[in-house]
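Okay, structure first, notes after.
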């Protein structure tokens with residue numbers, strides 16, 4: 001069984017705007033997590049907080065290529081570490097195609113299908129919030145997904 005989860009979206013803004021929204025701690029709170037402890041830089045460990053859910057998590061930024069690629073791992077503290085790869089590609093008329101791939105969910109986990117569906121839902125939602133933020137400056141979409 002392939003446990004990779006993928007989500008893609010076209011965002012009508014240039015790559016550098018989309019990239020900065022993710023790696024800049026001043027911007028990430030407008031669409032994804034409440035806060036990021038620092039700018040995402042290759043080799044750094046960054047603490048992400050979700051105030052609304054009283055949660056926080058640690059990511060390890062494994063690879064970062066400006067305006068092209070972000071790779072990080074998370075879930076290590078819960079023995080459920082996965083790798084997330086975010087790819088950005090220029091599209092027509094100054095827009096961006098963003099693709100998120102998450103790998104490493106355990107095949108033998110009896111809940112793997114539910115976890116995959118949950119991660120897919122989460123990534124599509126995050127990309128939707130990102131699109132609303134960078135295209136239209138809408139900042140109240142995040143943290144509204146109900147399970």
Just to be sure before I move on: is residue 21 modelled with pLDDT of 95 or more, out of contact with any strand residue (DSSP E or B) (no Cβ under 7 Å at 6 or more places or on another chain) and surrounded by 14 or more Cβ atoms within 10 Å (Cβ to Cβ) in the structure I sent? yes
Scan region 120-139 and tell me whether some residue there is in contact (Cβ under 8 Å) with a residue 40 or more places away in the chain, farther than 30 Å from residue 14 by Cα, assigned to a helix (DSSP H, G or I) and out of contact with any strand residue (DSSP E or B) (no Cβ under 9 Å at 6 or more places or on another chain). no
What are the residues in region 79-94 that are without any contact (Cβ under 8 Å) to a residue 60 or more places away in the chain and within 16 Å of residue 42 (Cβ to Cβ), if any? 83, 84, 85, 87
Tell me, yes or no, whether region 128-147 has at least one residue that is on the phi > 0 side of the Ramachandran plot, at pLDDT 95 or above and over 12 Å from the mean Cα position of the chain (by Cα). yes
Among what's in region 6-16 and is more than 12 Å from the chain's Cα centre (by Cα) and over 11 Å from residue 131 (Cα atoms), pick the residue that is surrounded by the most Cβ atoms within 10 Å (Cβ to Cβ). 15
So which pairs qualify, if the first residue must be in region 101-118 and loosely packed, with under 12 Cβ neighbours inside 10 Å, the second must be not in a helix (DSSP H, G or I), the Cβ gap must be under 8 Å, and the two must be at least 6 apart or on different chains? 107/1; 107/3
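Residues checked against (1) crowded, with 19+ Cβ neighbours inside 10 Å; (2) part of a loop (DSSP other than H, G, I, E, B); (3) more than 14 Å from the chain's Cα centre (by Cα):
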site: 26; (1), (2), (3): no, yes, yes
site: 32; (1), (2), (3): yes, yes, no
site: 38; (1), (2), (3): no, yes, yes
site: 41; (1), (2), (3): no, yes, yes
site: 49; (1), (2), (3): no, no, no
site: 56; (1), (2), (3): no, no, yes
site: 59; (1), (2), (3): yes, no, no
site: 67; (1), (2), (3): no, yes, yes
site: 72; (1), (2), (3): yes, no, no
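The values are calculated or read from the model by the stated rules, or taken from the named source; none is laboratory data. In this text, all values refer to a predicted model and were calculated from it rather than measured experimentally. Every residue, glycine as well, gets a Cβ built from its backbone with ideal geometry; the counts of neighbours run over all protein chains shown.
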